[in-house]
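Read the structure below first, then the notes.
The values are calculated or read from the model by the stated rules, or taken from the named source; none is laboratory data. Here the structure is a predicted model, which is why all the values come from computation and not from measurement. Please note: Cβ atoms are built from the backbone with ideal geometry, for glycine as well, and neighbour counts cover all protein chains shown.
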């Protein structure tokens with residue numbers, strides 16, 4: 001269980017480390033700085049848009065003034081035309097001629113009224129375009145520099161956080177691998193159980209060999225005393241083998257216990273590092289990622305507001321361009337009417353000159369018609385100049401962004417949405433990994449604590465080995481005289497010697513039974529018991 005928890009921990013740390021790679025952070029920061037650059041362009045661009053809208057409004061007001069002047073001129077013309085019609089009522093054919101002038105003036109009046117309606121429509125479009133330009137939008141725009149500055153600051157903090165977390169992840173991963181190595185070494189060292197079992201089996205086999213020999217192969221003349229001496233010799237061997245086995249078992253299990261208990265300190269360090277990672281990853285609620293998310297959301301609100309204002313500006317630009325074309329046509333028509341009126345008035349002057357005193361009054365009225373018709377032309381020229389300016393301003397409003405800027409602020413909105421999505425995914429992934437890291441660390445700590453709590457080799461195998469050694473010691477002899485038993489001892493010794501797998505066993509055997517024959521020693525043996533133990537471990 002501990003090894004599984006450690007493997008999962010290392011895997012999580014590697015995953016966190018991969019998510020914090022330099023190239024990923026650099027790319028994310030570059031996108032963020034690009035967003036900041038686009039944000040910084042918003043206030044001046046929006047200022048240009050508002051200036052263009054205001055300029056169109058001012059031009060529209062001047063056009064309205066010229067239209068009012070034209071309407072007033074037409075009222076005078078209508079009055080003079082009516083006067084001329086009355087004055088020439090008794091003159092043949094002049095009444096119909098005056099009526100034609102009145103019709104022309106009425107036609108011009110309708111065209112001017114249409115102009116006036118178009119101008120009022122323009123005012124309505126301007127009001128619509130500026131409807132969203134309240135104080136809150138200005139506040140949002142004023143807040144963009146501070147938002148942009150915070151985004152840059154947060155980007156720098158995230159870079160620093162990434163480096164710190166990456167270094168911490170490497171440190172924690174290194175410590176986790178160290179614990180893994182300790183666990184692996186401990187698990188290998190626990191093969192002392194197999195070695196101990198094998199040695200105990202060798203003791204059992206040695207006892208069985210001696211018993212089998214005495215039961216079926218011993219010479220018939222072997223006395224009871226001789227049999228007892230052989231049994232004591234075997235028991236002495238078993239006692240020494242068990243004693244060596246018990247000492248080796250105690251020595252290795254002490255190392256195992258010390259090694260496992262040292263996990264506590266390592267895991268304590270691991271958890272301290274984990275808590276540092278928790279705080280730096282924003283689990284304490286102070287992450288720059290959270291601040292970044294808030295600032296980007298605020299920027300997105302500004303972009304949405306500007307999108308609405310920009311849409312109104314685009315509609316105003318399109319409507320203004322259409323209106324300029326219609327007004328230009330109307331003004332040209334009015335100029336044609338003005339020319340007709342002047343020609344008619346001029347003809348009237350010529351005819352009145354022939355009438356003498358009778359046409360004097362009409363002649364005066366016709367002169368006034370010509371004079372005021374020229375005023376109509378002056379207003380028309382001013383309106384045409386204004387319409388040309390209005391067309392330029394409408395084009396400028398449509399192209400209010402500078403070269404290199406996004407075609408519309410929704411492009412910036414897409415940048416922000418992408419950044420928000422990326423930050424959300426990165427934050428969620430980090431939260432998930434860190435939470436999983438916490439669960440994994442807690443599980444590993446609990447498991448190691450349980451292992452340490454229940455770790456007592458002496459209570460089981462150690463006590464049993466000690467008991468067996470004590471029991472063997474009761475029937476062994478410190479010195480066994482083997483005089484006259486050379487042949488049985490040699491036969492038994494050779495058989496027992498063949499079962500050994502460790503140098504220490506052979507050394508103990510030689511000390512009790514004496515040197516063995518070259519045939520028995522022919523089997524290869526490790527140079528030392530330590531090498532044998534190492535081979536058993538690894």
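Observations on the model:
- Test: residue 351 is at pLDDT below 85, more than 30 Å from residue 36 (Cβ to Cβ) and under 23 Å from the mean Cα position of the chain (by Cα): no
- Selection within region 416-435 - crowded, with 16+ Cβ neighbours inside 10 Å and at pLDDT 75 or above: 416, 419, 420
- Screening 152, 119 for residues that are part of a helix (DSSP H, G or I), touching a helix residue (DSSP H, G or I) at 6+ places or on another chain (Cβ under 8 Å), over 30 Å from residue 74 (Cα atoms) and at pLDDT 75 or above leaves exactly one candidate, 152.
- Failed item, numbered, when residue 84 is tested on (1) within 60 Å of the chain's Cα centre (by Cα); (2) at pLDDT below 80; (3) surrounded by 15 or more Cβ atoms within 10 Å (Cβ to Cβ): (1)
- Hey, residue 520 crowded, with 18+ Cβ neighbours inside 10 Å and modelled with pLDDT under 90 or not: yes
- Filter pass, residue 96 being at pLDDT below 75 and assigned to a helix (DSSP H, G or I): yes
- Residue identified as closer than 25 Å to residue 317 by Cβ, at pLDDT 80 or above and assigned to a helix (DSSP H, G or I) among 376, 412, 397, 384: 384
- Look at (1) crowded, with 19+ Cβ neighbours inside 10 Å; (2) within 22 Å of residue 156 (Cβ to Cβ); (3) at pLDDT 75 or above and you find that residue 302 fails only one, number (2).
- Summed over region 463-507, the residues that are crowded, with 17+ Cβ neighbours inside 10 Å, assigned to a helix (DSSP H, G or I) and at pLDDT below 85 give a count of 4.
- Filter result for residue 536 (closer than 16 Å to residue 252 by Cα, in a helix (DSSP H, G or I) and at pLDDT 85 or above): no
- Scope region 59-89; condition over 30 Å from residue 393 (Cβ atoms) and in contact (Cβ under 8 Å) with a residue 24 or more places away in the chain; matching residues: 76, 77, 78, 80, 81, 83, 84, 87, 88
- Odd one out for residue 279 among (1) in a helix (DSSP H, G or I); (2) at pLDDT below 80; (3) surrounded by fewer than 21 Cβ atoms within 10 Å (Cβ to Cβ); (4) touching a helix residue (DSSP H, G or I) at 6+ places or on another chain (Cβ under 9 Å): (4)
- Screening residue 250 against (1) touching a helix residue (DSSP H, G or I) at 6+ places or on another chain (Cβ under 9 Å); (2) under 16 Å from residue 500 (Cα atoms) leaves a single unmet condition, (2).
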